């Protein structure tokens with residue numbers, strides 16, 4: 001549960017929302033109590049609570065209390081987008097039951113042959129069209145279950161040759177290639193409520209700053225070329241791709257056009273600096289935040305969970321935990 005120091009900090013800083021990691025997850029009852037406590041700390045029942053629940057390598061809620069889900073790439077092998085939707089609908093059921101109402105999914109990156117394996121099988125496929133079809137199926141499955149999707153990593157991490165958790169990748173591809181390939185899945189899903197930035201330098205757009213910190217990339221690529229007008233969240237600003245103090249990172253991300261800033265490691269000193277740099281949610285950022293939350297359906301679509309799990313397992317030959 002929350003420590004007294006965390007409760008006091010959240011009550012004072014009043015973050016827009018929260019994100020959970022494996023270190024925060026024990027049992028369904030414990031996660032439900034935690035999400036309730038987090039919302040109570042900020043005095044807002046609508047405060048969003050996020051998690052990275054992709055399946056495969058990136059899944060914070062795991063067995064024995066939650067099913068194991070396949071990686072995104074497994075759906076391409078089936079050639080059945082409806083199963084990608086079903087998988088996301090099942091994950092939404094799991095998440096909503098414990099008070100989590102946003103999932104950092106779908107991954108819309110199109111992996112390049114020489115790209116770093118940090119994306120790898122987290123990508124749905126190797127072409128923009130396939131990624132867009134399967135990504136939309138997953139996004140719609142989440143929404144049907146009352147969970148908001150978060151597109152990532154806009155405007156595209158697939159060409160990066162470094163893991164942005166550790167270092168700053170630089171992509172040298174020209175604008176036309178980026179626009180016609182990397183941006184395409186994000187453009188196809190630009191109607192979705194939220195997206196997360198890539199800590200990647202696109203030399204053809206801004207050779208100095210990664211997308212998260214670049215007003216040029218956000219304005220020219222994210223908002224204009226892709227046409228995304230939803231809530232734009234930074235990727236975790238404690239990642240190794242970024243440098244400088246945490247207040248400076250948060251200030252620069254907000255100034256560049258990120259509506260909200262994501263910080264993930266739970267370090268109190270860093271959180272305090274990030275909160276100071278991120279400032280108050282207002283103006284267009286506040287409008288986008290409100291519009292994103294308004295996309296959550298009041299009531300999830302009718303769903304037979306047991307039948308859905310059985311159908312999902314059968315699609316994979318019964319090899320998956322159901």
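The values are calculated or read from the model by the stated rules, or taken from the named source; none is laboratory data. Keep in mind that this is a model prediction, so the values were computed, not measured. Cβ: placed from backbone, ideal geometry, glycine included. Neighbour counts: every protein chain shown.
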Q) Looking at segment 185-220, which of its residues are assigned to a helix (DSSP H, G or I) and over 27 Å from residue 51 (Cβ atoms)? A) 215, 216, 219, 220
Q: Would you tally the residues in segment 289-305 being loosely packed, with under 12 Cβ neighbours inside 10 Å and closer than 13 Å to residue 192 by Cα?
A: 1
Q. Taking segment 221-238, which residues are farther than 15 Å from residue 285 by Cα, outside any helix (DSSP H, G or I) and out of contact with any strand residue (DSSP E or B) (no Cβ under 6 Å at 6 or more places or on another chain)?
A. 226, 227, 236, 237, 238
Q) Does segment 288-300 contain at least one residue that is over 22 Å from the mean Cα position of the chain (by Cα) and within 30 Å of residue 85 (Cα to Cα)? A) yes
**Q.** Test for residue 274: is it surrounded by 21 or more Cβ atoms within 10 Å (Cβ to Cβ) and in contact (Cβ under 8 Å) with a residue 40 or more places away in the chain
**A.** no
Q) Only one of (1) at pLDDT 95 or above; (2) out of contact with any strand residue (DSSP E or B) (no Cβ under 9 Å at 6 or more places or on another chain); (3) over 23 Å from residue 223 (Cβ atoms) fails for residue 284. Which number is that? A) (3)
